[in-house]
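Q: Let me give you the structure first, and then I'll get to my questions.
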Amino acid sequence: MKKWKICLAFLLLAAVLAGCRKEQQETAGYKLYYVDDTGIGLVAEDYTPKAQGGDELIQELVAKLGDAPGQPSHKKAVPDGIGITSAVRTERSLRVDFNGTYHTMDNITEVFCRAAVVKTLVQVPEVDTVEFTVNGQELADSQGNPIGVMSQDSFIDNQGNGINSYQYAALVLYFGDESGKKLEREVRSLHYSSNEALEQVVLEEVIRGPKNTGLASVVPTDLKILGVSTEDNLCTVNLGKRAGEKAESSVSPKTALYAMVNALCENCPVEQVQFTIEGNSMTKFLGKADISEPFTKNVKLLDTTQKEKAPGVGVDPALQDNQE
């Protein structure tokens, strides 16, 4: 009798553990992205795939993006007739090729299509970035600039208030050269939520640091932006407490300030930038640089040996009707 009770206890425990594992597997599922009922936003539906990972999981998710959403109010982000002909993984990047009907989409539908595909597929453990082609040719934006590889960070929605629309920008950013005395350009293409001001996006990308390994970060990555506002071409940037503390860097604090100023003036309707730290303009930036007066763009700090020419910058004009 005693042995029978012990066996029964083990069976009950095993059943409970199995139930827990099943629940964990279901709650640890993936998300499929669709267009919401407003037609100007993305929405995610939970999905538990059959495949465990790798190419099988990629093909399963690609197929699901072509199926009808689970919620009747949601719409497919990849419209009917827009076919994905292949999805080929090379190391940690995925090349997604569409057929020629891709170019029949209007610009807003196209941006949401790309966003849904990227956000869905980068969940695969083996995929970090997605590159788009159409009939084998590299995809370009409406201005002829290559879209390039895209990641989760290519679609920014830091406000957490939902996505009303995506705007496209090819940002010209500035980071320190190898000497730390000059600034060099780095062009970065991304889509960002219309909930967020472009000035905020520019500063956050500068703080994020360069993608080019030959360039140096200009500000600490834990620097906080407390507020950004622009009026009459004067941009006021209120930084957090960290901005007043000394930091070890090959780039001087004053050069770091001009990296932000030049980026704001290059990408936004800004001619002057006034910095404050927790609302105070009399504090020294990184413990050294005076910020009591507004800054203007400083081209003398640019590395004149750099041959890269920055492309045009701004919002894709085809999206401007959807930014209210």
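Q: Has segment 270-287 got any residue that is farther than 18 Å from SER252 by Cα, modelled with pLDDT under 90 and not hydrophobic (A, V, I, L, M, F, W, C)?
A: Within segment 270-287, none of the residues are farther than 18 Å from SER252 by Cα, modelled with pLDDT under 90 and not hydrophobic (A, V, I, L, M, F, W, C).
Q: Look at segment 206-226 and say how many of its residues are within 23 Å of ARG188 (Cα to Cα) and not in a loop (DSSP other than H, G, I, E, B).
A: Of segment 206-226, the ones within 23 Å of ARG188 (Cα to Cα) are 206-225.
Then drop every residue that is not not in a loop (DSSP other than H, G, I, E, B), which leaves 206-208, 216, 225.
The qualifying residues number 5.
Q: Within segment 98-138, count every residue that is of a type in the set (Asp, Glu) and over 18 Å from LYS76 (Cα atoms).
A: Going through segment 98-138, the residues of a type in the set (Asp, Glu) turn out to be 106, 110, 126, 128, 131, 138.
Next, from what is left, pick out any that are over 18 Å from LYS76 (Cα atoms): 126, 128, 131, 138.
Residues that pass the stated criteria total 4.
Q: Taking GLN52 as meeting all but one of (1) touching a residue at least 12 places away in the same chain (Cβ under 8 Å); (2) part of a loop (DSSP other than H, G, I, E, B), write down the number of the exception.
A: Every listed condition holds for GLN52 apart from (1).
Q: Could I ask something else about it? Using beta carbons and a limit of 7 Å, which pairs, at least six apart or on different chains, have the first residue in segment 230-254 and on the phi > 0 side of the Ramachandran plot and the second one outside any loop (DSSP other than H, G, I, E, B) and surrounded by 16 or more Cβ atoms within 10 Å (Cβ to Cβ)?
A: ASN233/GLN272
Q: Then there's this: Taking the condition part of a helix (DSSP H, G or I) and not polar (S, T, N, Q), does GLU266 pass? Working first, answer last.
A: Working: part of a helix (DSSP H, G or I): yes; not polar (S, T, N, Q): yes.
Yes: the conditions hold for GLU266.
Q: Please find, within segment 194-224, the residue that is modelled with the lowest pLDDT out of those that are of a type in the set (Asp, Glu) and buried (at least 17 other Cβ atoms within 10 Å of the Cβ). Lay out the reasoning, then the answer.
A: At the first step, the residues of segment 194-224 found to be of a type in the set (Asp, Glu) are 196, 199, 204-205, 222.
Checking which are buried (at least 17 other Cβ atoms within 10 Å of the Cβ) leaves us with 196, 199, 205.
Values: GLU196: 76, GLU199: 94, GLU205: 93.
Within segment 194-224, the match that is modelled with the lowest pLDDT is GLU196.
Q: Give me the pairs: first residue in segment 107-124 and closer than 13 Å to SER154 by Cα, second residue in a helix (DSSP H, G or I) and modelled with pLDDT under 80, beta-carbon distance under 9 Å, and six or more apart or on different chains, which are they?
A: What qualifies is VAL111/LEU319; ARG114/SER154; ALA115/SER154; VAL118/GLN152; VAL118/SER154; LYS119/GLN152; VAL122/GLN152.
Rundown of residues vs (1) within 22 Å of GLN167 (Cα to Cα); (2) not in a loop (DSSP other than H, G, I, E, B), yes/no style:
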{"position": "GLU60", "(1), (2)": "no, yes"}
{"position": "PRO69", "(1), (2)": "no, no"}
{"position": "VAL78", "(1), (2)": "yes, no"}
{"position": "TYR102", "(1), (2)": "yes, yes"}
{"position": "PRO125", "(1), (2)": "no, no"}
{"position": "PHE132", "(1), (2)": "yes, yes"}
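Q: How about segment 102-141: which of its residues are over 17 Å from the mean Cα position of the chain (by Cα), surrounded by 14 or more Cβ atoms within 10 Å (Cβ to Cβ) and hydroxyl-bearing (Ser, Thr, Tyr)?
A: Listed by number, the residues that qualify are TYR102, THR109, THR133.
The values are calculated or read from the model by the stated rules, or taken from the named source; none is laboratory data. These figures come from a predicted structure and were not determined experimentally. A quick note on method: Cβ atoms are made from the backbone with ideal geometry, for glycine too, and the neighbour counts reach across all protein chains shown.
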